[in-house]
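Student: Handing you a structure now.
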Amino acid sequence: MNNEKGKKFSTRIISSPFKRPDSHGAISMPVYRNAAFEFTSAEDIADAFQFRVEGHTYSRISNPTVENLEAKIKAASGAGSVMAFSSGMATIANTFLTIAYAGSNIVTSPHLFGNTFSLFKFTLAEFGVEVRFVNTDNLEEIEAATDADTCAFFCELITNPHMEVADIPAISEMMKRKNIPVIVDTTIVPWCGFDAKKAGIDIEVVSTTKYISGGATSVGGVIVDYGTFDWSKNKKLAKINGVDPCLRFTSKLRKEIGRNIGAYMDSETASLQSSAMETLELRFEKMSGSAYVLAQFLEKQEEVIKTGYTKLESSPYKSISDNLFENNPGAMLTFNLGSKQECYRFMNNLQIIRRATNLFDNKTLIIHPESTIYGTFSPEMKNFMGIEDTLLRLSVGLEDPEDLKDDISNALARI
């Protein structure tokens, strides 16, 4: 994944230049904590507010520190445009507020993160947007669910916590024939391990709270637009005049939706995440390597009923996973024990692994999804979403994998 100058991944991030030289020669972008920016004349500030010239006016709209993080992510991903937000969920909400309209529909899997499912099923439904749930393993079912009002096909790169992988290149090829954008939550595997543009993804939504924040220091998200979709094919964005059809999504997002919703990332978060971007590749390689070691280890434990990690020979998604991901498919894995009670006893006996939500902290974290992330859903809805009460989700951190094995072994012996 090299750019035209041949720079490798980490070099592209670290050598990403400031948009304007710092007056004091700082080599790390300063934190611009201010809300507003001064202009030398009434004409200048009017030009900036009306997009006739580039310039920061108000930090709800744009900010130099946040702009620097966006530039680093553009360098990492090779995307044409990046916009940063206050959370991963804010990226999904802003994306679909930009492209969806009353009478439109979203084709997706029921196997989604709980809040994403809720956004589609309940929140957007009240604005007249339909969600059509399909089995993303079945291309014919996906195609049958789409029509002229399908505003996007959406899925997670690896479903959380189901550990499923859709054949995104094949789905993308189908969607391009039908003039439907492919939007994917790629939080599970960052750009050093997955080339979204090559796979045929038009827009990525990413929770930067995870790998990018560098140890769960802050909450944020980014929308990454590769400029590969002709938005004149979208009934909502077709109304925009005077903008290149491939740039209309970002234009609408930056000039209207993002401004009006007000969920732009703050400068403190951007500063933390810009610094953490520089060690992203190192942390990902360590975490994902350890996850594969632990997945292999868990498969051999007699108390473990099933282990979910897409690089394992036992995974039905191994072939697709090996094709999509450059090395290991991330640092999230799952495993099933004999009962919900066993899951609780196991968790309570852990000494190193932390009982906490979130993914890709420097610390290894474990959670029981059925009683937490999906705890407020009805039993019928949990069944529809495929949530098992015997499943545990493990996010592998930077501890030595041998110590994590010992912690798991001791906890299993006591359930």
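The values are calculated or read from the model by the stated rules, or taken from the named source; none is laboratory data. Bear in mind that the values here come from a model prediction, so they are computed numbers and not experimental data. Cβ: placed from backbone, ideal geometry, glycine included. Neighbour counts: every protein chain shown.
Student: Pairs, please: C-beta under 9 Å, at least 6 apart or cross-chain, first residue more than 11 Å from M332 (Cα to Cα) and in segment 305-317, second modelled with pLDDT under 95 and in a loop (DSSP other than H, G, I, E, B)?
Tutor: What qualifies is K311/N327; K311/N328.
Student: Would you be able to tell me the number of residues in segment 212-233 that are of a type outside the set (V, I, T), at pLDDT 95 or above and in contact with a helix residue (DSSP H, G or I) (Cβ under 6 Å, 6 or more places away or on another chain)?
Tutor: Qualifying residue count for the region: 10.
Student: Restricting the first residue to segment 328-347 and requiring it to be assigned to a strand (DSSP E or B), which pairs with a second residue that is among the basic types (K, R) meet a Cβ separation below 9 Å and a spacing of at least six or different chains?
Tutor: Qualifying pairs under 9 Å: M332/R393; L333/R393; T334/K306; T334/R393; F335/K306; F335/R393; N336/K306.
Student: Just give me the residues in segment 81-94 being under 15 Å from G227 (Cβ atoms) and buried (at least 21 other Cβ atoms within 10 Å of the Cβ), in sequence order.
Tutor: V82, M83, listed by residue number.
Student: Here is a list of conditions, (1) closer than 18 Å to G80 by Cα; (2) of a type in the set (A, V, I, L, M, F, W, C); (3) surrounded by fewer than 23 Cβ atoms within 10 Å (Cβ to Cβ), and I257 meets all of them except one; can you say which number that is?
Tutor: It fails just one condition, (1).
Student: Give me the pairs: first residue in segment 62-80 and closer than 12 Å to G227 by Cα, second residue among the charged types (D, E, K, R) and assigned to a helix (DSSP H, G or I), beta-carbon distance under 9 Å, and six or more apart or on different chains, which are they?
Tutor: From segment 62-80, the pairs are G78/R12; G78/K197; A79/K197; G80/K74.
Student: Can you confirm whether I158 is assigned by TED's automatic domain parsing to the domain that holds G200, buried (at least 19 other Cβ atoms within 10 Å of the Cβ) and in contact with a Cys (Cβ under 8 Å, 6 or more places away or on another chain)?
Tutor: It is false that I158 is assigned by TED's automatic domain parsing to the domain that holds G200, buried (at least 19 other Cβ atoms within 10 Å of the Cβ) and in contact with a Cys (Cβ under 8 Å, 6 or more places away or on another chain).
Student: Just wondering, is there one or more residues in segment 285-306 that are hydrophobic (A, V, I, L, M, F, W, C), surrounded by 15 or more Cβ atoms within 10 Å (Cβ to Cβ), in contact with a strand residue (DSSP E or B) (Cβ under 9 Å, 6 or more places away or on another chain) and under 30 Å from R12 (Cα atoms)?
Tutor: Yes, that holds for at least one residue.
Student: Given the conditions (1) in a helix (DSSP H, G or I); (2) more than 16 Å from T269 (Cβ to Cβ), which single one is not true for A102?
Tutor: (1) is the only condition that A102 fails.
Student: From the list S41, S77, S10, which residue is over 30 Å from S371 (Cβ atoms), loosely packed, with under 14 Cβ neighbours inside 10 Å and hydroxyl-bearing (S, T, Y)?
Tutor: Criteria check complete, one pass: S41.
Student: Consider only pairs whose beta carbons are under 6 Å apart and that are at least six residues apart or on different chains; among these, list those whose first residue lies in segment 12-35 and is part of a helix (DSSP H, G or I) and whose second residue is modelled with pLDDT of 90 or more.
Tutor: Here the result reads R12/A75; I13/K72; I13/A75; I13/A76; I13/M277; I13/E278; I14/E278, each pair linking segment 12-35 to a residue that is modelled with pLDDT of 90 or more.
Student: Being β-branched (V, I, T) and either part of a strand (DSSP E or B) or touching a Leu at 6+ places or on another chain (Cβ under 6 Å) (or both), is that true of even one residue in segment 71-85?
Tutor: Yes, because at least one residue in segment 71-85 is β-branched (V, I, T) and either part of a strand (DSSP E or B) or touching a Leu at 6+ places or on another chain (Cβ under 6 Å) (or both).
Student: How many residues does segment 270-318 contain that are part of a helix (DSSP H, G or I) and not hydroxyl-bearing (S, T, Y)?
Tutor: Total meeting the criteria: 23.
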